[in-house]
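Note sheet for the following structure.
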Amino acid sequence: MAVWVGGFTPRRPSTFKESRNLARMNVLVCMKQVPQKDSVIQLRKDQTGIEEEDLEFTINECDLSALEEALRIKERQGGEVTVLSAGPERVTKLLRNALALGAGRAFHINSPERRIQDPFILSWLMAQTIGNQKIDLILTGVQSEDLGFSSTGPMLAERLGWNHATMVTTIHHLSLEQLVVGCELDGGALEEVTLKLPAVLCFQSGINHPRYATLKGIMAAKKKEIRQWNLESPEFSGLKEWSSIGRLEVKELFQPKKKKSTVWLEGTPKEIARKLVDSLRAEAKIP
Amino acid sequence: MEKREILVWAEQREGKLIQASREAIALGRHLADLMNLSLAIALNGGSAAPSPHEMADQSGEEIWLIDPEIPGTASYEVYGEAVRQMVSRFSPQWILMGHSSRVVDFVPRLAVRMDCAFIPGCLDFRYEHEMLSWIRPAYEGRFHQQVIPSGHPPFLVSIQPGAFARLAFPQAGGGMVHPLSLRIPSSTIRRRVVESSAGSAQGTDLAQARTVVAGGRGMGSREQFEWIHQLALLLEGATGASRPAVEAGWAARGLQIGSSGQFVSPRLLLACGISGAIHHAVGVSGAGCIVAINQDPLASIFRIADYGIVGKVEEILPALIEELHQK
């Protein structure tokens with residue numbers, strides 16, 4: 001019978017030989033840059049994507065939670081935090097932010113190609129980049145706020161032959177021998193998952209309070225290295241054409257039709273309140 | 001080999017078919033008729049009510065009951081292997097699933113393992129020129145994207161709960177149940193449910209409430225979230241919250257509405273400072289009249305609103321409270 005996790009030999013954690021108690025961890029955090037929440041987003045005329053000009057970008061919220069967890073692990077147990085992101089030149093701003101927050105180094109897969117947002121391609125690029133790095137643990141968010149495939153983390157784990165847990169809210173225990181995390185299930189149920197390193201953990205947002213950058217951190221970040229890859233880098237020579245790795249083709253991005261015809265209430269707050277209460281009373285929706 | 005072009009992977013929880021799986025079965029039947037394809041349903045969790053036999057008898061569908069049942073605490077390795085064995089048996093073109101936390105956990109891995117497309121969280125489909133494509137939300141539901149799978153089948157698709165509630169559950173009558181024996185590997189990952197249904201455990205009557213007043217990130221602060229409680233009291237309804245409001249600590253976790261909280265179906269829903277991201281929208285798809293108050297006229301909550309108010313909650317809500325007090 002076929003064995004599910006096979007074909008790859010999971011790499012031993014790099015810190016395996018060190019003291020059990022010390023458990024220094026080299027943690028990599030995968031992050032995505034997404035449009036700022038509540039910003040007004042316009043569709044491109046050709047309906048292939050959004051208009052990026054004049055748009056403010058920020059760190060995907062649950063990726064920021066993952067970075068916060070990584071920084072806490074480093075502070076508690078020692079080790080190194082590396083951040084990795086893919087996207088166009090603007091992504092260097094995200095990486096500088098992460099470095100200012102306390103990450104030690106940053107990796108950038110620099111490409112303006114929209115196709116790299118396909119989680120099949122993105123997870124492949126990331127796996128190739130991580131390939132020969134000494135990493136024990138990869139942290140990322142459950143999903144991005146823009147496309148929300150919630151696939152890249154588990155796909156990356158599969159490509160590396162590592163374990164994973166998703167919808168993680170808490171790390172209960174982290175040693176070189178064992179990792180115990182708390183995860184969410186549908187309807188608000190919680191479960192505990194026990195797995196071995198190396199592993200990929202995908203975090204929910206709102207599980208911690210991400211720190212703010214200090215002036216000292218911002219200054220220090222300027223001296224830190226951002227290592228760059230592009231699609232011509234030798235690591236990616238296996239990507240001969242998009243269709244060899246990519247499995248999703250986005251045909252069109254469009255404004256969805258409204259499901260209901262909305263009655264818009266306008267005027268001063270007092271007038272609006274009166275109109276609403278009158279309408280709801282007339283329909284016997286409120287006492 | 002018993003070829004079935006469409007395979008529905010149906011999940012049961014606590015002895016009940018989950019809503020998204022119910023809709024996946026209805027969609028499977030709809031697509032099978034539309035494209036003239038054969039359909040099989042793989043059902044996990046044998047002790048359910050209605051029993052698989054009752055379900056087959058009423059729906060007229062062919063149900064393959066997974067035996068032995070895969071426990072809810074099994075890891076992604078186990079689920080992935082189960083589906084792989086089904087694929088080698090039925091060689092389906094399409095595999096339809098409800099978008100559940102289980103699916104989010106195991107299907108992306110399985111897709112890479114099989115090198116097959118996975119289109120998660122779909123809201124609709126299009127069938128044009130004999131080609132099936134899928135519609136899924138993007139940018140927190142403000143836009144939709146049309147996606148087609150590439151590469152070789154099977155193509156894996158998961159659907160949002162509520163997205164296909166319009167399709168009737170099949171009722172042709174006279175279906176069959178077959179045992180589906182799978183060799184389930186032992187897992188190296190242990191899972192254990194430590195707290196089930198945190199939401200309902202807190203004793204809120206949110207799910208049954210006839211009126212719900214819900215607040216989101218746009219409420220701005222814990223103090224301003226108090227207006228939600230006041231309005232709920234005045235309207236004799238229950239208080240709800242979107243995930244960001246719960247995360248900010250303004251509302252208890254048990255009040256969360258949406259895919260990781262509760263599903264509500266009140267006659268009247270007041271959505272205040274809620275953008276209407278898909279995780280929340282699926283939780284209110286059963287609501288009757290929806291009143292949305294948001295300062296962003298493009299917020300996706302307005303797509304499902306009967307009454308729309310574009311404005312600041314700190315201006316509208318106090319006025320509304322005063323108006324309700326007057327009568």
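Can you tell me the relative contact order of chain A? Whole percent, Cα pairs under 8 Å, sequence separation 6 or more.
Details: 513 pairs, mean separation 64.5, N = 287.
RCO, chain A: 22 percent.
What does DSSP give for the range B:1-147 in terms of the percent of beta bridges that are antiparallel, rounded to the nearest 5? In the range B:1-147, DSSP labels about 50 percent of beta bridges as antiparallel. Cross-link partners of A:Lys259 among lysines, defined as those whose alpha carbon lies under 22 angstrom from its own and excluding same-chain residues fewer than eight positions apart: A:Lys285.
Which whole-number percent gives the relative contact order of chain B, counting Cα pairs below 8 Å spaced six or more residues apart? Don't jump to the answer; show the numbers that get you there.
Details: 708 pairs, mean separation 51.6, N = 327.
After rounding, I find 16 percent.
Can you give the FRET efficiency for B:Ser38 and A:Ser243, using 1/(1 + (r/R0)^6), R0 = 30 Å, r = Cβ-Cβ distance, to the nearest 0.05?
Efficiency computed from Cβ-Cβ geometry: 0.55.
For A:Lys74, the lysines whose Cα comes closer than 27 Å to its Cα, not counting residues fewer than 8 places off in the same chain, are A:Lys17, A:Lys32, A:Lys93, A:Lys134, A:Lys196, A:Lys216, A:Lys222, A:Lys223, A:Lys224.
Neighbouring Cβ atoms from other chains, within 10 Å of the Cβ of residues in A:274-287, number 5 on average. Please say if the range B:284-327 is rounded, prolate or oblate, where rounded means a/c under 1.5 for a ≥ b ≥ c the square roots of the C-alpha gyration tensor eigenvalues, and otherwise the choice is prolate for a/b larger than b/c and oblate otherwise? Oblate shape, in that a/c is at least 1.5 and b/c is the bigger or equal ratio.
Shape of chain A from its Cα gyration tensor (a ≥ b ≥ c, root eigenvalues): rounded if a/c is under 1.5, otherwise prolate when a/b > b/c, or oblate? Judged from the Cα gyration tensor, chain A comes out prolate (a/c at least 1.5, a/b above b/c).
To check you understand DSSP bridge types, tell me what percent of the beta bridges within the range A:28-132 (both residues inside) are antiparallel, rounded to 5. Don't skip to the end; give the middle numbers.
Working: 4 of 14 bridges.
Rounded to the nearest five, the antiparallel share is 30 percent.
Each of B:Asp124 and B:Glu2 was given a label point 7 Å from its Cα along the Cα-to-Cβ line. The distance between the two points is 3.6 nm. Of the trypsin sites (Lys or Arg not before Pro) found in the range B:99-176, those that fall in a DSSP loop while having at most 14 other beta-carbon atoms within 10 Å are B:Arg166.
Each residue of the range A:158-168 was assigned a 3J(HN,Hα) from its phi angle through the Karplus curve 6.51 cos²θ - 1.76 cosθ + 1.60 (θ = phi - 60°); the sequence is 5, 5, 8, x, 9, 7, 8, 9, 10, 6, 6 Hz, with glycine and proline shown as x.
Database remark: amide H of A:Leu185 closer than 5 angstrom to the amide H of A:Leu190, A:Glu191 (H placed geometrically; neighbours at sequence offset of 5 or more, or on other chains; Pro and chain starts carry no H). Once you sort the root eigenvalues of the Cα gyration tensor of the range A:123-194 as a ≥ b ≥ c, which label holds: rounded (a/c under 1.5), prolate (a/b larger than b/c) or oblate (the other case)? Because a/c hits 1.5 or more and a/b fails to exceed b/c, the range A:123-194 counts as oblate.
Output the antiparallel fraction of DSSP beta bridges having both residues in chain A, as a percent to the nearest 5. Once the DSSP bridges in chain A are tallied, antiparallel ones form about 35 percent. Phi angles across the range A:53-69 convert, under the Karplus curve 6.51 cos²θ - 1.76 cosθ + 1.60 with θ = phi - 60°, into 3J(HN,Hα) values of 5, 6, 8, 8, 10, 8, 7, 3, 4, 6, 5, 5, 4, 5, 4, 4, 4 Hz, Gly and Pro given as x. Based on DSSP H segments of at least four residues, each scored -39500 (n - 2.57), chain A has a per-residue ellipticity at 222 nm of -8000 deg cm²/dmol. Excluding residues on the same chain fewer than 8 positions from A:Lys240, give the aspartates and glutamates whose Cα lies under 18 Å from its Cα. By straight Cα distance, A:Lys240 reaches A:Glu113, A:Asp118, A:Glu232, A:Glu249, B:Asp115. When each of the peptides B:297-308, A:246-257 is scored by how many other beta carbons lie within 10 Å of its residues on average, the order from highest to lowest is B:297-308, A:246-257.
Mean partner shielding of peptide A:37-43, defined as the number of other chain Cβ atoms within 10 Å of each residue Cβ, is 4.
Computed as a quarter of the hull surface, the mean projected area of the alpha carbon convex hull for the protein assembly as shown stands at 28.3 nm². The relative contact order of the range B:78-197 comes to 31 percent, based on Cα pairs under 8 Å that sit 6 or more residues apart.
Computed from the coordinates by the stated procedures, all read-outs in this text should not be read as laboratory data. These figures come from a predicted structure and were not determined experimentally. Positions of Cβ are backbone-derived with ideal geometry, glycine not excepted, and every protein chain shown enters the neighbour counts.
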